[in-house]
1. Right, ILE539: assigned to a helix (DSSP H, G or I), open to solvent by less than 70 Å² (accessible area, probe 1.4 Å), at pLDDT below 90 and closer than 18 Å to PHE499 by Cα or not?
2. As an exercise: evaluate LEU787 against (1) part of a helix (DSSP H, G or I); (2) crowded, with 17+ Cβ neighbours inside 10 Å; (3) under 31 Å from the mean Cα position of the chain (by Cα) and give the number of the one condition it does not meet.
3. Mind checking which residues of the stretch 570-583 are modelled with pLDDT of 95 or more and either over 18 Å from GLY556 (Cβ atoms) or surrounded by fewer than 22 Cβ atoms within 10 Å (Cβ to Cβ) (or both)?
4. Can you name the condition, by its number, that LEU302 falls short on among (1) farther than 30 Å from TYR488 by Cα; (2) open to solvent by 60 Å² or more (accessible area, probe 1.4 Å)?
5. Consider PHE395 against the criteria (1) at pLDDT below 70; (2) more than 25 Å from ILE288 (Cα to Cα); (3) hydrophobic (A, V, I, L, M, F, W, C); (4) surrounded by fewer than 16 Cβ atoms within 10 Å (Cβ to Cβ): it satisfies all of them except one. Which criterion is unmet?
6. Quick check on my filter: what residues within the stretch 751-776 are free of Cβ contacts under 8 Å to residues at least 24 places away in the same chain and assigned to a helix (DSSP H, G or I)?
7. State whether the residues of the stretch 312-327 include one that is part of a helix (DSSP H, G or I), open to solvent by 20 Å² or more (accessible area, probe 1.4 Å) and aromatic (Phe, Trp, Tyr).
8. If a residue has to be under 20 Å from HIS690 (Cβ atoms), touching a Leu at 6+ places or on another chain (Cβ under 9 Å) and either polar (S, T, N, Q) or open to solvent by 40 Å² or more (accessible area, probe 1.4 Å) (or both) to count, how many in the stretch 644-661 make the cut?
Amino acid sequence: MGDQNSYQFPFAAYPALRLLVLFATGIAIAHLLETVTLQFSLIGTGLVVLFWIAGELIQKRRNLLFGSYIAIICYCLIIFFSGAFWYSLQHHVQRDSEIRANPIQLFEWENIDIKADVIQNGWSQSGREVYEVETKLINLPSDVKWQEQIKMRLYGDEESNNEILPGNRIHAEVRLYSFPEKRNPHEFDYGEWLKSRSIYAHGELIDVHQAERKAKFGWEPIREYVQSNIDEFFDERSAPFAKALFLGYKEELTQDERNAFSRAGLSHIMAVSGLHVGFVVAPFWLIIPWLWASKKRKWAGLFLLTILLFGYAGLTGFSASVSRASLMAWLLTFGKLFHKIRFSINVTALAAIILLLFDPGQLFEIGYQLSFSAVFIILLVMPEAQRIIPEKHRFNWVGSLLTIIVISFIVQLGLFPILTQYFGEFSIVGPAANALVLPLLAITVPVGLMISLIGGLLPFVIQVLSVPVSYSIYWVQHVATYFGELEYGYLAVTHSSIFIYMIWGFSVAVVATIRISAMRWKMVICLLVAINGFMIESIIQKPSTQKLKITMLDVGQGDAVHIKTPAGKNLLVDTGRWTPMGNSGERVLLPYLEYKNIDKLDAVILSHPHADHIGGLPVLMEEVEIEKIYHSDYPYDSRLYETYTSMAEELNIPLHNVGAGEMLEVDPALLFFVTGPRLDRAPDRNPNNHSLTFRLQYGETSYLFTGDAEREQEAELVEMYGDFLNTDFLKVGHHGSRTSSTTEFVETVQPEISAASLAFRNRFGHPGREAVENLYLVRATNYFTSLDGAIQFISDGENIDVIR
């Protein structure tokens, strides 16, 4: 009992794990604290080295325990500061590259001429060809030549047939796009993703003047040969899945198919990773006992494995996931062959360190986090979890199947916080779906790869083998579709609490230490503390739900504002724009509502029937439950207007005509007073001047929404309501046009905050100079979605906080 209570974790047995934790912590701190500069981390490392030398000298000369403590602490700090230094150095290099590339942004939406090397090609989800290139020479307008190496991402025309391959040097005309920014809360930060790949410009490939191959050898011809074999030996239904399954080539899969695999917990089989590398290496492990017979066999086996892993990595485009898995597989096999490495955890940690040395920024990539988290969870938890399997079945086919289910369950549950943090979804049916397909894939993947590689050499044999492989792929598709379409097959989850990660980490630790009583109870206590911390945090944050949240979304040249009331009601004021190219409902509103887990709108308020305010409504009516729609009584002759009114009748959504003087009951905590339009007079010929306008009061804070009201309706509002219009917040009328926000109106409202929704480039010249000056003269703090993207205004009834 005494020995158990004095249990000490065997840190000495895991040197690579110690290094990884310290090194990764230094990287994380340098990332979080932007003030950690290259010079600071370098000086810190130098000082710690001096202290470490001093500690070693004290220990050596005087044999004092104090000196060994100093040496140990300094050793840890050296690794920590090395991580911080290495990340700061990479960040410094990337920042320097970004600064050198900045001048290219001066030529946005202009055509330039480039000579560049093609690094990578592929397809976007919209079906456009995509190329990553590195420029060698840029011909700017006015015949200015600029020799700067800049990585660009270029998009081909949807109907183009450019035969451009990695390794080509191209001479082409390119139209530069403006560099992307995250404009709405739900949107993927495409610009930051490009920067993480050291890409600082993107644009459209207008014309390719010349394309020539620099080298005779490259992986692309081999990949094309393999893909052509897949097209030859598999039918149209299974070929796209075969390419995704064997090569990770997912461009031919539809978004619905990808979603089905994700929700079924099977997306990992469509992204070549450690699972696929395991399938490829598994036959090799079967001959390891034979390789142990002599040293020459061991080295020959290791050489064969290296060729195998390098070949598969090249075939899949040296993707990060395959490179990670190949490195781990190589290290594990090396240890198995030469009996050099005792602990798999050390091997995994060593692989993680090597990858961080190549690129410390990988620590913040989801692929890196998922890969190593899954492996560590399996290594820590699986030895204990396997005891669930009855001993009599542990080593037969029943045990193998149960092991797959247990591993899938453990990994799925273990990755819960990461999956929900990045994707907002968690597959419940994943373990069952994996149990139905993984045993089959253990044979399908190696055989399918063999078919793809040697198809032309033995056509008859390959034709026969391709039949069972095709049926296997059909089965995988069926399982993914069935489980992916289950209504309760997945959970939509959003969280941002650090306690979720603590609960997850300590839960894994409890299972891993289940047979070490002293450690187990310590982990249980830590787990309980984390659970209590989460509950306390929830209680503390609960009052924050009693806030009014107004989110002005960036829909370009249009209006769409989401209002979440203190009681949790969801209102939408206008629904963005419609164009023949698309609408705000599909592009912004539906993704935003899904991101916020909103499946019902308690009310939609339409200011007037112009297409830039009602454009997204028909799509919303098809996909989201809408309790009622408030609009003005302005009759408008447009197909879009007729569409939403007829759809409302078909879907039994009440349409309420409202006007000045009415009160809307949407939340007991709010006073919702309709200020316009007047219903006792004939409508203005201009729909803008018949806008549904309203004043919102929450506690001591007030808000005025004016739709597209122009000077005529503004004058009417001032005449009718006078100082009642005085509010803290003004939704600027008509996108900041010079026809709105008159001097008289703005001086009456006297807003502290004003916000206008408009596109940065628009043909109307919005915002108008007069409107901006009038708002400036009353000292309003002005916000524009064209400059700030989506903007959120949060009120506790006393103050309004602004979040960009």
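The values are calculated or read from the model by the stated rules, or taken from the named source; none is laboratory data. Keep in mind the model is a prediction, meaning the values are calculated, not measured. Cβ: placed from backbone, ideal geometry, glycine included. Neighbour counts: every protein chain shown. Side chains are part of the model used for accessible areas, which takes the heavy atoms of the whole protein and leaves out ligands, DNA and RNA. Shrake-Rupley method; radii C 1.70, N 1.55, O 1.52, S 1.80 Å.
1. On the way: assigned to a helix (DSSP H, G or I): yes; open to solvent by less than 70 Å² (accessible area, probe 1.4 Å): no; at pLDDT below 90: yes; closer than 18 Å to PHE499 by Cα: yes.
Spelling it out, it is not the case that ILE539 is assigned to a helix (DSSP H, G or I), open to solvent by less than 70 Å² (accessible area, probe 1.4 Å), at pLDDT below 90 and closer than 18 Å to PHE499 by Cα.
2. (2)
3. Result: ASN570, LEU571.
4. Exception for LEU302: condition (2).
5. (2)
6. Within the stretch 751-776, GLU773, TYR776 qualify.
7. The answer is no, given that none of the residues of the stretch 312-327 is part of a helix (DSSP H, G or I), open to solvent by 20 Å² or more (accessible area, probe 1.4 Å) and aromatic (Phe, Trp, Tyr).
8. Within the stretch 644-661, the first condition is being under 20 Å from HIS690 (Cβ atoms), and the residues that meet it are 644-645, 648, 655-661.
Add one more test, that the residue is touching a Leu at 6+ places or on another chain (Cβ under 9 Å), and what stays is 644-645, 648, 656-661.
Checking which are either polar (S, T, N, Q) or open to solvent by 40 Å² or more (accessible area, probe 1.4 Å) (or both) leaves us with 645, 656-657, 661.
Going through the stretch 644-661 one residue at a time, the tally reaches 4.
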